[in-house]
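Q: Have a look at this one.
The values are calculated or read from the model by the stated rules, or taken from the named source; none is laboratory data. Computed from a predicted model, the values in this text were never measured in an experiment. Here the Cβ positions follow ideal geometry from the backbone for every residue, glycine too, while neighbour counts run over all protein chains shown. Note: areas computed on protein heavy atoms with side chains; ligands, DNA, RNA excluded. Shrake-Rupley method; radii C 1.70, N 1.55, O 1.52, S 1.80 Å.
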2 protein chains.
Amino acid sequence: MTAQAVDRYPTRQGVALAPRARHDPVVYPSPGGPLDPAQVRRYAADGFLLLDQLVDETTVAALGAEVDRLVGAPELADAEEVVREPDSDEVRSIFAVHRISPLVATLVASDTLAGVARQLLGSDVYVHQSRVNRKLGFAGREFAWHSDFETWHAEDGMPAARALSISLALTPNFVHNGSLMLIPGSHRTFVPTGGATPADHYRTSLRRQQVGVPDRASLTALVEQAGDIALVTGGPGSAVVFDCNAMHGSSGNMTPFPRTNIFVVYNSVENPLQDPFAAPEPRPAFVATRHVEPLVARQEASGPPATGFERGDVSR
Amino acid sequence: MTAQAVDRYPTRQGVALAPRARHDPVVYPSPGGPLDPAQVRRYAADGFLLLDQLVDETTVAALGAEVDRLVGAPELADAEEVVREPDSDEVRSIFAVHRISPLVATLVASDTLAGVARQLLGSDVYVHQSRVNRKLGFAGREFAWHSDFETWHAEDGMPAARALSISLALTPNFVHNGSLMLIPGSHRTFVPTGGATPADHYRTSLRRQQVGVPDRASLTALVEQAGDIALVTGGPGSAVVFDCNAMHGSSGNMTPFPRTNIFVVYNSVENPLQDPFAAPEPRPAFVATRHVEPLVARQEASGPPATGFERGDVSR
């Protein structure tokens, strides 16, 4: 455990505190990177940025096959990294997937993804969390509105809002199959939530969120300020980068079209985790890496994608 | 009770029967009407047609105020026509609304709406069902995929697929607030469902559908044949006309934006109800009118919209 800083984002203090302005910058000075200045400005203003065709078709196909393999892998059937739907046995998420799959590890460390994170966060970065999200046809449940940072701050001890997520689509994100919704500009306001984090909250919250859910009045105010809600659509290989405090959620998927995404959270190496700010204990390492290890680009696979199985040390 | 015709659309016979081709025409010969030939062809091909700005702003505002009045009317608080959300007390639907509200009655009988029905169904028409549907912000639940005709045939004794619905938007239908989804071309296939209709099924089915839900394989086949799913968006005053056998549904509404629609089902006077084809008893008249009364256009209100309360005879 580490020395605790002042809590600049109090949340889960019983009653819900009033929303407050964000304390941290959204974009940090950097020598440059894959994004052009207009893209950086849009990200700073909206709290997210769409990147069409970020990853090529061949790589997307290989990643899709890798996800299918992981979902069916008997070695992973009972792994803690594997989260199932609340009302069925279908795999909803696989956490720490960059430690489980060398192919995903290569993607996560690639300049295509990590370079964007370094550019926006203005420092070296490490992987706070990675996962595959699967929203199956007919069966995919909704994700309630939330700010990731609210949870990472309360439960993981992330001190500053200096992290971002990149969600890469492996299947089409249509308007009708439960695609990601974001409230533009919401990243500038921190919305504390009420209640208190129960012990081992992650065991249920990864299936269905109950604590850490913002109140309707605050959500309505954010949407009114934005004037609209953005629904992220795009083909396989497209991606969305979004700030850790951007308010987001997604509807259920009633269509036959599955939605599979690889989701990576990059945190600045200058923002290491401390003790949780509002939880009895930190969450396990497969959900929130507590060991800062700056990413170094891995050699791109020169042959066909790795098909072997290699499970990394997810508990350090 | 009337003499029973041969059942050309068997459904709810215990096991689910295989999908079969529709027996009835979609569009009937008529002397004309509000739609142009291209619109009629599109309706025949897709099973639905969008009509932008069908009703003017002033009328939409008056209808919106009327719905607010009905939702709050103490006389209606315990009325059987009023259906509430499964997990809250919020009003989800008000049935037989054209009998409850003179303003809605005028709309329903207007050539703008009834004229479209007469043109497509090739005969005089009457109102099989009318209702207000409210999908509230944050709280609106999904409607599972279904064909209305499957229910009207099984539970109401509608012999032929010679009816259609017009849904008029009173609030914006966005891509993200649970708007209507339709499977193009699905109206040409009748998908029988399994199980059997329990007694008084309507008391629960109007809140959440359990019997009459098509199987996933049939839905997937319809979507594959269509190549896509249509999501109906449009501003207040826009409408969608859809065939009684078009497969449709809608996602929940997680956004703060409510969705309110007036929904009218027109049936051909040449297609009167018989005994239910697969239910112990017919549903009550506020859900399915058993008395054929051809619509005659009412005098449009010349002054401000009626504000009085007049409850019609909903039980005949």
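Q: Compute the projected area of the convex hull of the Cα atoms of the protein assembly as shown, averaged over all viewing directions, and report it in nm² to one decimal place.
A: One quarter of the hull surface, i.e. the mean projection, equals 30.6 nm².
Q: For the interface of A with B, what's the total buried accessible surface in square angstrom, probe 1.4 angstrom, rounded to the nearest hundred?
A: On the way: alone 13570 and 13590 Å², together 25170 Å².
So the total buried area for this chain pair works out to about 2000 Å².
Q: Right, something else. I'd like the accessible area for B:Glu90, computed on protein heavy atoms only with a 1.4 Å probe and all protein chains in place. Round to 10 Å², please.
A: 80 Å²
Q: For the stretch B:69-77, take each phi angle, set θ = phi - 60°, evaluate the Karplus expression 6.51 cos²θ - 1.76 cosθ + 1.60, and give the result in whole Hz per residue in order, putting x for glycine and proline.
A: 5, 5, 4, x, 5, x, 4, 9, 3
Q: Which sequence of A:Asp156, A:Asp52 reflects their accessible areas, 1.4 Å probe, from the largest down? List each step's numbers first, then the result.
A: On the way: A:Asp156 0, A:Asp52 115 Å².
Putting A:Asp156, A:Asp52 in descending order of accessible area: A:Asp52, A:Asp156.
Q: In deg cm²/dmol, rounded to 500, what helix-only [θ] at 222 nm does the protein assembly as shown give when every DSSP H run of at least 4 residues adds -39500 (n - 2.57) and the total is split over its residues? The partial results should precede the final answer.
A: Working: 16 runs with 136 residues, N = 632.
For the protein assembly as shown, the value works out to -6000 deg cm²/dmol.
Q: Distance in nm between label sites at A:Ser110 and A:Ser88, each 7 Å beyond Cα in the beta-carbon direction?
A: 3.0 nm
Q: Roughly how far apart, in whole Å, are the Cα centres of the stretch A:228-245 and the stretch B:125-143?
A: Their Cα centres are 31 Å away from one another.
Q: In terms of solvent-accessible area of protein heavy atoms at a 1.4 angstrom probe, what is the ranking of B:Arg131, B:Arg99, highest value first? Working shown, then result.
A: On the way: B:Arg131 35, B:Arg99 55 Å².
So, going from the largest accessible area down, we get B:Arg99, B:Arg131.
Q: Enter the Cα centre distance for the pair the stretch B:9-49 and the stretch B:148-174, rounded to the nearest angstrom.
A: Here the answer is 12 Å between Cα centres.
Q: With +1 assigned to the C-beta of every Lys and Arg and -1 to the C-beta of every Asp and Glu, and no other charges, what is the dipole magnitude of the stretch A:39-268 about the Cα centre in debye, to the nearest 20? Before the final figure, lay out the partial values.
A: Values: 18 positive and 26 negative charges, 58 e Å.
About 280 debye.
Q: Roughly how much of B:Leu231 is accessible, in Å² to the nearest 10, using a 1.4 Å probe?
A: In the full protein context, B:Leu231 sits at about 40 Å².
Q: Counting only residues 5 or more places away or on other chains, whose amide H sits under 5 Å from the amide H of B:Val125 once H atoms are built in the peptide plane?
A: Result for B:Val125 returns B:Val269, B:Leu295.
Q: Run the accessible area of the stretch B:39-268 with a 1.4 Å probe and give the carbon-and-sulfur part as a rounded percent.
A: On the way: 3560 of 7210 Å².
Roughly 49 percent of what the probe reaches on the stretch B:39-268 is carbon or sulfur.
Q: Ok, one more. At a probe radius of 1.4 Å, what is the per-residue accessible area of A:Thr204, in Å² to the nearest 10?
A: 80 Å²
Q: Between A:Ala196 and A:Ala45, what is the FRET efficiency for a Förster distance of 41 Å, r being their Cβ-Cβ separation, to the nearest 0.05?
A: Working: r = 34 Å, r/R0 = 0.84.
The value I calculate is 0.75.
Q: Compute the FRET efficiency between B:Thr58 and B:Asp228 as 1/(1 + (r/R0)^6), taking r as their Cβ-Cβ distance and R0 = 45 Å, and round to the nearest 0.05.
A: On the way: r = 36 Å, r/R0 = 0.79.
Rounded to the nearest 0.05, the efficiency is 0.80.
Q: Dividing the alpha-carbon radius of gyration of the stretch B:39-268 by 2.2 N^0.38 Å (N being the number of residues), what value is obtained?
A: Details: Rg = 16.6 Å, N = 230, 2.2 N^0.38 = 17.4 Å.
My calculation over the Cα atoms of the stretch B:39-268 gives 0.96.
Q: Now a separate question. For A:Arg259, which sequence-distant residues (separation of 5 or more, or a different chain) have an amide H within less than 5 Å of its own amide H, given hydrogens modelled in the peptide plane?
A: A:Lys135, A:Leu136, A:Gly137
Q: Something else now. How large is the dipole of the protein assembly as shown about the Cα centre if only Lys and Arg carry +1 and Asp and Glu carry -1, each at its Cβ, rounded to the nearest 20 debye? Don't skip to the end; give the middle numbers.
A: Details: 54 positive and 72 negative charges, 21 e Å.
The dipole of the protein assembly as shown has a size of about 100 debye.
Q: What Kirkwood Rh does the stretch A:29-90 have if only Cα atoms enter the pairwise 1/r average? Answer in Å.
A: With all distinct Cα pairs of the stretch A:29-90 included, I get 15.5 Å.
Q: For chain B, what's the relative contact order in percent, using C-alpha pairs closer than 8 Å and at least 6 residues apart?
A: Details: 705 pairs, mean separation 104.2, N = 316.
That works out to 33 percent.
Q: In the stretch A:232-255, what residues drop by 30 Å² or more in accessible surface going from the chain by itself to the full protein assembly, probe 1.4 Å?
A: Buried by 30 Å² or more upon assembly, which counts only protein chains, are A:Ser251, A:Met254.
Q: Just to confirm the numbers: A:Gly64, label point 7 angstrom along the Cα-Cβ line, distances to the other copies in nm, shortest first?
A: In nanometres, ordered from closest: 4.3.
Q: Express in % the proportion of alpha carbon pairs of the stretch A:235-287 at distances exceeding 12 Å. Could the numbers behind the result be given before it?
A: Working: 1117 of 1378 pairs.
It works out to 81 percent of all Cα pairs.
Q: How much accessible area per residue does the stretch B:39-268 have, in Å², with a 1.4 Å probe?
A: Spelled out: the 1.4 Å probe surface of the stretch B:39-268, per residue, equals 31 Å².
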